Amino acid sequence: MLKKTRKRKINPKNLIRITLLILCGAVLGFNIYLANANSLLGNQLPTPFGYGAAVVLSGSMEPELSKGDLIIVSKTQTYKEKDIVVFQDKGTLVVHRIIAVDGDTVVTQGDANNIADDPINVSAIKGKVLFWIPFVGNVVNFIKTPIGTICIVAAAILLIEIPRRNEKKKDDEERQKIIDEINRLKEQD
(Lines give C-alpha, C1' and ligand atoms only; values in the text may rest on other atoms or scores of the structure.)
Protein backbone atom coordinates (compact mmCIF):
# COMPACT_ATOMS: atom_id res chain seq x y z
CA MET A 1 0.00 0.00 0.00
CA LEU A 2 1.30 3.41 -0.95
CA LYS A 3 1.21 6.02 1.71
CA LYS A 4 -0.28 9.28 0.53
CA THR A 5 1.83 12.28 1.49
CA ARG A 6 0.37 15.70 1.89
CA LYS A 7 2.28 18.64 0.57
CA ARG A 8 2.43 21.42 3.05
CA LYS A 9 1.49 24.73 1.52
CA ILE A 10 3.82 27.55 2.50
CA ASN A 11 2.16 30.83 3.34
CA PRO A 12 3.97 33.66 1.46
CA LYS A 13 3.65 35.93 4.51
CA ASN A 14 5.37 33.35 6.69
CA LEU A 15 8.09 32.87 4.08
CA ILE A 16 8.78 36.61 3.98
CA ARG A 17 8.74 36.80 7.78
CA ILE A 18 11.14 33.86 8.15
CA THR A 19 13.45 35.32 5.50
CA LEU A 20 13.51 38.68 7.26
CA LEU A 21 14.16 36.99 10.61
CA ILE A 22 17.08 35.07 9.12
CA LEU A 23 18.41 38.31 7.66
CA CYS A 24 18.08 40.09 11.04
CA GLY A 25 19.87 37.20 12.75
CA ALA A 26 22.65 37.26 10.16
CA VAL A 27 23.12 41.02 10.60
CA LEU A 28 23.28 40.70 14.38
CA GLY A 29 25.65 37.74 14.17
CA PHE A 30 27.88 39.59 11.73
CA ASN A 31 27.94 42.66 14.01
CA ILE A 32 28.99 40.48 16.95
CA TYR A 33 31.68 38.82 14.81
CA LEU A 34 33.05 42.18 13.64
CA ALA A 35 33.04 43.62 17.16
CA ASN A 36 34.96 40.62 18.48
CA ALA A 37 37.46 40.64 15.61
CA ASN A 38 38.11 44.33 16.20
CA SER A 39 38.26 44.34 20.01
CA LEU A 40 40.02 41.02 20.56
CA LEU A 41 42.35 40.88 17.57
CA GLY A 42 42.61 44.53 16.51
CA ASN A 43 41.54 43.46 13.03
CA GLN A 44 39.44 46.18 11.41
CA LEU A 45 38.65 44.03 8.35
CA PRO A 46 38.27 40.33 9.05
CA THR A 47 38.04 38.27 5.87
CA PRO A 48 36.27 35.03 6.68
CA PHE A 49 36.42 32.67 3.71
CA GLY A 50 38.77 35.17 2.03
CA TYR A 51 36.18 37.95 1.63
CA GLY A 52 35.29 41.00 3.66
CA ALA A 53 33.29 44.20 3.48
CA ALA A 54 34.10 47.74 4.51
CA VAL A 55 32.70 51.22 4.15
CA VAL A 56 34.56 54.05 2.44
CA LEU A 57 34.94 56.78 5.07
CA SER A 58 36.64 59.55 3.10
CA GLY A 59 36.75 61.09 -0.34
CA SER A 60 40.39 60.21 -1.02
CA MET A 61 39.38 57.84 -3.84
CA GLU A 62 36.97 60.22 -5.61
CA PRO A 63 35.58 59.92 -8.24
CA GLU A 64 36.07 56.11 -8.32
CA LEU A 65 34.85 55.52 -4.76
CA SER A 66 32.77 57.90 -2.70
CA LYS A 67 32.26 58.30 1.01
CA GLY A 68 29.53 55.88 2.10
CA ASP A 69 30.16 53.25 -0.59
CA LEU A 70 30.22 49.63 0.56
CA ILE A 71 33.26 47.81 -0.80
CA ILE A 72 33.68 44.06 -1.10
CA VAL A 73 37.26 42.93 -0.60
CA SER A 74 39.01 39.69 -1.49
CA LYS A 75 42.25 38.48 0.07
CA THR A 76 44.63 37.57 -2.77
CA GLN A 77 48.21 36.34 -3.01
CA THR A 78 49.47 38.98 -5.45
CA TYR A 79 48.79 42.63 -6.02
CA LYS A 80 49.70 44.79 -8.99
CA GLU A 81 49.75 48.44 -9.97
CA LYS A 82 46.30 50.05 -10.36
CA ASP A 83 44.67 47.58 -7.93
CA ILE A 84 42.51 49.29 -5.34
CA VAL A 85 43.44 47.75 -2.00
CA VAL A 86 42.53 48.02 1.66
CA PHE A 87 45.25 48.11 4.29
CA GLN A 88 45.30 48.77 8.00
CA ASP A 89 47.38 51.75 9.10
CA LYS A 90 47.58 52.23 12.90
CA GLY A 91 44.12 50.79 13.52
CA THR A 92 42.50 52.61 10.61
CA LEU A 93 41.49 51.07 7.32
CA VAL A 94 42.75 52.87 4.22
CA VAL A 95 41.37 52.30 0.72
CA HIS A 96 43.86 53.47 -1.92
CA ARG A 97 45.24 52.48 -5.30
CA ILE A 98 48.62 50.79 -5.72
CA ILE A 99 50.87 53.05 -7.78
CA ALA A 100 54.12 51.08 -7.47
CA VAL A 101 55.22 47.57 -6.53
CA ASP A 102 58.81 46.70 -5.57
CA GLY A 103 59.06 43.12 -4.31
CA ASP A 104 57.22 42.95 -0.97
CA THR A 105 56.83 46.72 -0.77
CA VAL A 106 53.99 48.68 -2.34
CA VAL A 107 53.26 52.37 -2.61
CA THR A 108 49.65 53.50 -2.55
CA GLN A 109 47.89 56.77 -3.19
CA GLY A 110 44.31 57.96 -3.10
CA ASP A 111 43.03 59.03 -6.52
CA ALA A 112 42.06 62.42 -5.11
CA ASN A 113 45.35 62.88 -3.21
CA ASN A 114 48.36 64.80 -4.53
CA ILE A 115 51.01 62.79 -2.69
CA ALA A 116 51.67 59.08 -2.26
CA ASP A 117 51.36 57.25 1.05
CA ASP A 118 54.39 55.89 2.87
CA PRO A 119 55.47 52.53 1.42
CA ILE A 120 53.93 49.48 3.12
CA ASN A 121 54.68 45.78 3.17
CA VAL A 122 52.35 43.57 1.14
CA SER A 123 51.47 41.73 4.37
CA ALA A 124 49.69 44.90 5.61
CA ILE A 125 47.18 44.66 2.76
CA LYS A 126 43.86 43.19 3.84
CA GLY A 127 42.64 42.61 0.31
CA LYS A 128 41.81 43.90 -3.13
CA VAL A 129 38.53 45.70 -3.83
CA LEU A 130 36.42 43.46 -6.08
CA PHE A 131 33.41 45.73 -6.44
CA TRP A 132 31.45 48.36 -4.58
CA ILE A 133 27.86 49.33 -4.01
CA PRO A 134 27.25 53.09 -3.88
CA PHE A 135 25.76 54.57 -0.67
CA VAL A 136 24.95 51.16 0.93
CA GLY A 137 27.82 51.72 3.36
CA ASN A 138 25.79 54.44 5.08
CA VAL A 139 23.14 51.84 5.94
CA VAL A 140 25.82 49.39 7.11
CA ASN A 141 27.37 52.06 9.35
CA PHE A 142 23.96 52.78 10.87
CA ILE A 143 23.31 49.09 11.53
CA LYS A 144 26.66 48.83 13.33
CA THR A 145 25.68 51.53 15.84
CA PRO A 146 23.90 50.65 19.09
CA ILE A 147 20.73 52.37 17.83
CA GLY A 148 20.93 50.43 14.55
CA THR A 149 21.34 47.16 16.43
CA ILE A 150 18.37 48.02 18.64
CA CYS A 151 16.33 48.74 15.49
CA ILE A 152 17.27 45.32 14.07
CA VAL A 153 16.28 43.57 17.32
CA ALA A 154 13.03 45.55 17.46
CA ALA A 155 12.26 44.63 13.84
CA ALA A 156 12.88 40.95 14.61
CA ILE A 157 10.58 41.09 17.63
CA LEU A 158 7.88 42.84 15.60
CA LEU A 159 8.22 40.29 12.81
CA ILE A 160 7.50 37.58 15.35
CA GLU A 161 4.95 39.30 17.56
CA ILE A 162 2.63 41.08 15.09
CA PRO A 163 1.82 37.99 13.01
CA ARG A 164 1.38 35.95 16.21
CA ARG A 165 -1.12 38.46 17.56
CA ASN A 166 -2.97 38.58 14.24
CA GLU A 167 -3.21 34.77 14.21
CA LYS A 168 -4.46 34.75 17.81
CA LYS A 169 -7.07 37.41 17.02
CA LYS A 170 -8.21 35.44 13.97
CA ASP A 171 -8.39 32.21 16.03
CA ASP A 172 -10.35 33.98 18.77
CA GLU A 173 -12.84 35.33 16.21
CA GLU A 174 -13.25 31.84 14.69
CA ARG A 175 -13.72 30.35 18.14
CA GLN A 176 -16.32 32.99 19.01
CA LYS A 177 -18.23 32.29 15.77
CA ILE A 178 -18.32 28.59 16.65
CA ILE A 179 -19.52 29.34 20.19
CA ASP A 180 -22.18 31.71 18.84
CA GLU A 181 -23.35 29.06 16.36
CA ILE A 182 -23.52 26.41 19.11
CA ASN A 183 -25.52 28.78 21.31
CA ARG A 184 -27.84 29.60 18.41
CA LEU A 185 -28.41 25.90 17.75
CA LYS A 186 -29.08 25.24 21.44
CA GLU A 187 -31.71 28.00 21.48
CA GLN A 188 -33.49 26.41 18.50
CA ASP A 189 -34.01 23.11 20.39
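The label point for A112 and the one for K67, both projected 7 Å from the Cα toward the Cβ, are 0.7 nm apart.
Scaling the Cα radius of gyration of region 98-160 by the globular reference 2.2 N^0.38 Å produces a ratio of 1.78. Ranked from largest to smallest solvent-accessible area, with a 1.4 Å probe on the protein heavy atoms, D118, D180 come out as D118, D180. Distance between the 7 Å Cα→Cβ label points at K169 and F131: 4.2 nm. When all alpha-carbon pairs of region 59-148 are counted, what percent fall beyond 20 Å? It works out to 35 percent of all Cα pairs. R0 = 30 Å: FRET efficiency of F142 with Q77, Cβ-based, nearest 0.05? Efficiency computed from Cβ-Cβ geometry: 0.30.
Between the labelled values (i) 1.36; (ii) 1.29; (iii) 1.06, the entry that holds Rg/Rh (Cα atoms, Kirkwood Rh) as derived from this structure is (ii). When the charge dipole of region 55-189 is built from unit charges on Cβ atoms (+1 for Lys and Arg, -1 for Asp and Glu) and taken about the Cα centre, the candidate among T108, I160, N138 whose Cα reaches farthest toward its positive end is I160. Entry note, the chain: the mean residue ellipticity at 222 nm calculated from DSSP H runs of n ≥ 4, each adding -39500 (n - 2.57), is -15500 deg cm²/dmol after division by the residues and rounding to the nearest 500.
The 1.4 Å probe gives accessible areas that order I162, I150, largest first, as I150, I162.
Estimate the FRET efficiency between D104 and S58 by the formula 1/(1 + (r/R0)^6), using the beta-carbon distance for r and 22 Å for R0, to the nearest 0.05. For D104 and S58, the calculated efficiency is 0.25.
Taking every alpha-carbon pair under 8 Å whose residues sit at least 6 apart, the chain reaches a relative contact order of 19 percent.
The values are calculated or read from the model by the stated rules, or taken from the named source; none is laboratory data. Being a predicted model, the structure only gives us computed values, none of them experimental. Don't worry about glycine lacking a Cβ; one is built from the backbone with ideal geometry, like all the others, and counts go over all protein chains shown. With ligands, DNA and RNA removed, areas are computed over all heavy atoms of the protein, side chains included. Shrake-Rupley method; radii C 1.70, N 1.55, O 1.52, S 1.80 Å.
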